[in-house]
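Reading through the structure tokens given below for one structure.
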There are 4 protein chains.
Amino acid sequence: MEPTVIQMAQAGAGTARASRGRPGRTTGRLAGREDHPEDTCIQVGRARFGGRQFVVIAGPCSVESEEQLLSTAREVRGAGAAVLRGGAFKPRSSPYSFQGLGPEGLKLLDLARRLTGLPVVTELMDGDDLPLVERMADIIQIGARNVQNFSLLKKLGRVDRPVLLKRGFMTTIEELLDSAEYILAAGNPRVILCERGIRTFETATRNTLDLSAVPVLKERTHLPVIVDPSHAVGHRRFVPPMAQAAMAAGADGLMVEVHVSPETALCDGDQSLRPEEFARLMDNLTAMAASFNRIIGPEAQGPAVGRVGGGGGPWA
Amino acid sequence: MEPTVIQMAQAGAGTARASRGRPGRTTGRLAGREDHPEDTCIQVGRARFGGRQFVVIAGPCSVESEEQLLSTAREVRGAGAAVLRGGAFKPRSSPYSFQGLGPEGLKLLDLARRLTGLPVVTELMDGDDLPLVERMADIIQIGARNVQNFSLLKKLGRVDRPVLLKRGFMTTIEELLDSAEYILAAGNPRVILCERGIRTFETATRNTLDLSAVPVLKERTHLPVIVDPSHAVGHRRFVPPMAQAAMAAGADGLMVEVHVSPETALCDGDQSLRPEEFARLMDNLTAMAASFNRIIGPEAQGPAVGRVGGGGGPWA
Amino acid sequence: MEPTVIQMAQAGAGTARASRGRPGRTTGRLAGREDHPEDTCIQVGRARFGGRQFVVIAGPCSVESEEQLLSTAREVRGAGAAVLRGGAFKPRSSPYSFQGLGPEGLKLLDLARRLTGLPVVTELMDGDDLPLVERMADIIQIGARNVQNFSLLKKLGRVDRPVLLKRGFMTTIEELLDSAEYILAAGNPRVILCERGIRTFETATRNTLDLSAVPVLKERTHLPVIVDPSHAVGHRRFVPPMAQAAMAAGADGLMVEVHVSPETALCDGDQSLRPEEFARLMDNLTAMAASFNRIIGPEAQGPAVGRVGGGGGPWA
Amino acid sequence: MEPTVIQMAQAGAGTARASRGRPGRTTGRLAGREDHPEDTCIQVGRARFGGRQFVVIAGPCSVESEEQLLSTAREVRGAGAAVLRGGAFKPRSSPYSFQGLGPEGLKLLDLARRLTGLPVVTELMDGDDLPLVERMADIIQIGARNVQNFSLLKKLGRVDRPVLLKRGFMTTIEELLDSAEYILAAGNPRVILCERGIRTFETATRNTLDLSAVPVLKERTHLPVIVDPSHAVGHRRFVPPMAQAAMAAGADGLMVEVHVSPETALCDGDQSLRPEEFARLMDNLTAMAASFNRIIGPEAQGPAVGRVGGGGGPWA
């Protein structure tokens, strides 16, 4: 597994803060900027979330087979993705839908990591699976439906892995920060936030991507903020423009679904980019990046840096 | 502990159904009316959910002390409540808010049950606490934030307790039925559904109580459906009219927050009725009940009965 | 045309209030209870909105023909409706949908009124049609889409007809009161508010009926508040339970769509009750009414009375 | 007044289409791409909506005084805005809020146009004001609250001015297209659509900017699509990142509120950029533009061109 580095010194702050914690407010939070104005940078392999690098996570919605995962992993690595995604445990509305390959899926992710060198992120749904997931994944994802599963969040405080915390489709920005606080207060300072669309009355898209959440979050917290346009829009042809918009809004990266054969995907094929579409998106992002003082590939290693990115800076 | 009875013969149906389950549709669900047109009745002590009885669950948001719990329990029993509620594990947005008394709260609930004879319902947040909660509670509640915690739902399939499943504040009616299906398909046929308000743009109330969900659910499922007006409206003075409206809309019962001293409550005091307000509500409900062919107290025991209640019947 | 009576003395208050009006707050509004604690009662024919009578408005979505309107009018009068509804000008999302019969529809409404004795309510969409609608209708309806058409609202201040103001599907309770204030401040004190469902993520019903708005409105304003369950739920079989729930929540009346032949309706047939279904609903409402100190038919005439109705009273 | 040009030949199509119009569907609409695949370009002065130019409309929320309007107009022109905005008739929730200067405001807009050469856009609320607004404004704006004021929309079909149609804060994308269709079917082919935020449960921003609507609209209609980030986010410091994101998502332009002294603004000061903030945003947009094949200033005149812009193209 790749070594991970965190350039901050928050360890042990949890207990002291808890005693003076002021619920429901940005100030007083470990996640808040008040006592921690500089951006937190989280390094995973060659990916560095929260700095100048615009980190792209890509891969299939769910791990379906060795062939599917490895071919997709090679494609996204070739196009410039910095992290591989893939679900082994799948939260599905119906118990009769494909529930993921489980531990077998984790093994395939581990294999893909060794073969491609890409760190992997996968979702944890049940605390019982935490030891296994911790061993197999570089980043542990908490999905939208578990964003307020506080018991699970607390368990992640004791884990030596960064956590990718997705906003629920029902969760306010303040509640997302409160959920992150559960992890931070329990001892794990490495949390990456991810906007992935909220529920509204609009049905043209699967959810409504709340890109305004990016500058709001960047103002209120020092944690990295990325965007998942795939689940938000639900149709692959709307993914690239929203991915570009995410960079322009000041996001620190993306999580994008890519599948070598979306038509046969067991889950969310409609919203998965084909490899060539993903490559074209990466080209566009690379072309855009300079305007936002971003780079797609890894930046030269150095100490923690302040925020240098695009639109989300302190404007007024 | 009170004996519980279930008048239905669904045992063992889970496996067979799973193989032909059609996700996302009412038909084909164990919870659906297609293969199970008659109402399911769930007996807990003298409370019988899903029949002619209009079951009122009442008690404090969270268990705070022996004095607080016992005095509230006696008040609600005296006013006609059939089940006592009280939270020992509290899902709170912020880690710095009161998190409940935990196992100590469960013991107090057990004490209140023995002293008052009322069965108790309490929330389960973590599968690790299931053995303890199963031993101490008559009904296990799954809160709005865990309605799509599928790992937890599956574990409840193997439990010999009815489950009170609350709708999430951004869960569709179909998703609520899907979540119930996780429990049923895992082997536990005793699920009580609870509408408790959804998130909308309106801020005059804490949430927007979706009472239409009652007749929609009663049409689509044979499971009992109750309503929690307290969390929905968030202000005690709006609780009684919405409680009455719930009966008129065809609900099988209520869950209402009552506190002997709302001003000093550690959680949700604004929405808790005082004992005298609760007693007055019970009087109103009793006066209404005859119009809806409902009774507040226990009905004469008998075999499972078809639906005889109010507004939710097959109209058109 | 039936004579109309308003038992209140607000005339001339508009100007004085305007100068000290405090926008965005209940206090200071002409519609607010602060300076006008007693309920406003609005008499139209034998219907009296805001008192003990539970006023039921019924009729087709749109006026389609003499035969359709007259047969429906006779049916709803026979079942106990106090006011006839019917749209001559129809706000339709698409310009290619049936737009209503226009002035010809108004003439048919006038005919139905003379033949049945029922006062009529119809929607005004355009200030240009105001003289005609004022002459032909007893109550002028402003639809959900025009609730913030402030130019139109101002024109209604100078009209000698009560206004039935429907909440928009996007309008907060405070904004609805603000819109009513436009009419009151312009000189017309006779405004009836109507909750008709708001937009949410839920798709099982056409809109989500926000019944909590009834007690909230009854607390904040002295104006009568009625409920339209038909547009809210969108399916006729859910209309009766929600109509019953509206009475139980403290509403002063209903507006219900009824059509002699819903299958052939040019507009919203799915949500229209058949005459026999409407009659059955009226029977249910009559049976319920005593529990809420309500009567369905006209009460003995008298001076303006304080609020005596059901669930929406000052509880806590 | 500047001459306006429309490069399309839809005149007279309204009547024929109406007869075969299929409501609620993209196909069959005059606004749809089916029979009109190429983008519509609308020329107003040196601004050309729908082509390669990224058109920025800027100015104060409401016209307050000659000094305020002229100084703001000069600032936004200097920074590169192509059109001046300013409200003379203001739709305000409360009748006691500032309602705009009315005809006097229109005269000031006319003066600003003559002094700066910028075409002006202003809102029409009432059909009675149409002759005056038509004479004074280059583009007529229909605000969010009137997006389904169908009577007003029909009147705009007979006007020789482009219409800027803002999406309502609870209007679906399909309904916005239906509202545009009212104008097109009535004979005016020059409609510019504007996304400006929708209502959701999130309260950190005034509304939730639905940027996904941009690629969805660009796919379904040939009409130009711009974005108003100011009303969407409600706080000036979130305006620039969302303005940048709008370009990246494929929008054809922006409408941004700018005020020389936001602290003293009579309306929406919190969301208005100061002139120097606007100038900085324009610099950023100019730097970005090349990546999206956009230009900020006017392009060399030519015949109607196909879509060459950014993210909203036909991807999959």
Quick P(r) readout (region B:181-237; Cα-Cα; 10 Å bins; whole %) gives 23, 41, 27, 9, 0
Sequence order, region B:65-78: Karplus ³J(HN,Hα) from phi using 6.51 cos²θ - 1.76 cosθ + 1.60, θ = phi - 60°, Hz rounded, Gly and Pro as x, gives 6, 4, 4, 4, 5, 5, 5, 5, 4, 5, 5, 6, 5, x
Would you mind checking which residues have amide H under 5 Å from B:I198's amide H? H placed 1.01 Å from N; only 5 or more apart, or other chain. B:T208, B:L209, B:D210
The protein assembly as shown - percent of accessible surface contributed by carbon and sulfur, probe 1.4 Å: 50
Given B:K155/B:K218; A:K90/B:K218; C:K155/D:K90; A:K154/B:K155; C:K107/C:K154; A:K166/A:K218, the pairs whose alpha carbons are separated by over 24 Å: B:K155/B:K218; A:K90/B:K218; C:K107/C:K154
Taking amide H atoms as placed 1.01 Å from N in the peptide plane, list the residues 5 or more away in sequence, or in a different chain, whose amide H sits under 5 Å from that of C:M255. C:I57, C:V227, C:D228
Can you bin region C:41-91 into rounded, prolate or oblate? Criterion: square roots of the alpha carbon gyration tensor eigenvalues sorted a ≥ b ≥ c, rounded for a/c under 1.5, prolate for a/b above b/c, oblate for the rest. oblate
Kindly provide the helix-only [θ] at 222 nm of chain A, computed as the sum of -39,500 (n - 2.57) over DSSP H runs of four or more divided by all residues, to the nearest 500 deg cm²/dmol? -9500 deg cm²/dmol
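Measuring with a 1.4 Å probe in the full set of protein chains, what accessible area per residue, in whole Å², belongs to the protein assembly as shown?
Details: 37390 Å² over 1264 residues.
Accessible area per residue: 30 Å².
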Shape of region B:98-180 from its Cα gyration tensor (a ≥ b ≥ c, root eigenvalues): rounded if a/c is under 1.5, otherwise prolate when a/b > b/c, or oblate? prolate
Most fluctuating residue of A:H231, A:H36, A:H222 in a GNM of chain A with Cα springs under 10 Å: which is it? A:H36
Which residue fluctuates the most in chain C, going by a Gaussian network model with Cα springs under 10 Å, if the choices are C:G51, C:G297, C:G59? C:G297
Region C:47-86 versus region D:69-105: alpha-carbon centroid distance in Å: 46
Calculate, in whole percent, how much of the Cα-Cα pair population of region A:36-138 lies beyond 16 Å. 57
Could you work out which residue, out of B:G102, B:G45, B:G117, moves most in a Gaussian network model of chain B, that is, has the largest mean-square fluctuation with Cα springs under 10 Å? B:G102
Tabulate in residue order the Karplus-calculated ³J(HN,Hα) for region D:249-259, using 6.51 cos²θ - 1.76 cosθ + 1.60 with θ = phi - 60°, rounded to whole Hz; enter x for Gly and Pro. 7, x, 5, 8, x, 9, 10, 10, 8, 10, 9
Between A:G32 and residues 5 or more places away or on another chain, the pairs with built amide H atoms under 5 Å apart involve none
Would you mind computing, in nm to one decimal, how far apart the modelled labels at A:I295 and D:D35 are, each placed 7 Å from Cα along Cα→Cβ? 5.5
Modelled FRET efficiency - R0 60 Å, B:E67 with D:S97, Cβ distances, 0.05 increments: 0.70
Placing one equal point scatterer on each C-alpha of chain C and summing with Debye, one gets log10 I(q)/I(0) at q = 0.06, 0.11, 0.16 Å⁻¹ equal to -0.17, -0.60, -1.41
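Rounded to the nearest whole Å³, what is the per residue volume of the convex hull around the Cα atoms of region D:107-232? Please list the in-between numbers first.
Working: hull volume 14.2 nm³, N = 126.
Per residue, the Cα convex hull of region D:107-232 comes to 113 Å³.
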Please say if the protein assembly as shown is rounded, prolate or oblate, where rounded means a/c under 1.5 for a ≥ b ≥ c the square roots of the C-alpha gyration tensor eigenvalues, and otherwise the choice is prolate for a/b larger than b/c and oblate otherwise? oblate
Please give the residues from region C:72-99 for which the solvent-accessible area of heavy atoms, probe 1.4 Å, is smaller by at least 50 Å² with all protein chains in place than with the chain isolated. C:S93, C:P95, C:Y96
On the formula 1/(1 + (r/R0)^6), with r taken between the Cβ atoms of C:E104 and C:D270 and R0 of 22 Å, the FRET efficiency rounded to 0.05 is 0.30
Give a residue-ordered list of calculated ³J(HN,Hα) values for region D:100-110 (Karplus: 6.51 cos²θ - 1.76 cosθ + 1.60, θ = phi - 60°; whole Hz; x for Gly, Pro). x, 7, x, x, 4, x, 4, 5, 5, 4, 4
At the nearest 100 Å², what buried accessible area, both sides summed, do you get for D and A when the probe is 1.4 Å? 3700
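The values are calculated or read from the model by the stated rules, or taken from the named source; none is laboratory data. Since this is a predicted model, take the numbers as computed values, not measurements. A quick note on method: Cβ atoms are made from the backbone with ideal geometry, for glycine too, and the neighbour counts reach across all protein chains shown. For accessibility, only protein heavy atoms count, side chains too; no ligands or nucleic acids. Shrake-Rupley method; radii C 1.70, N 1.55, O 1.52, S 1.80 Å.
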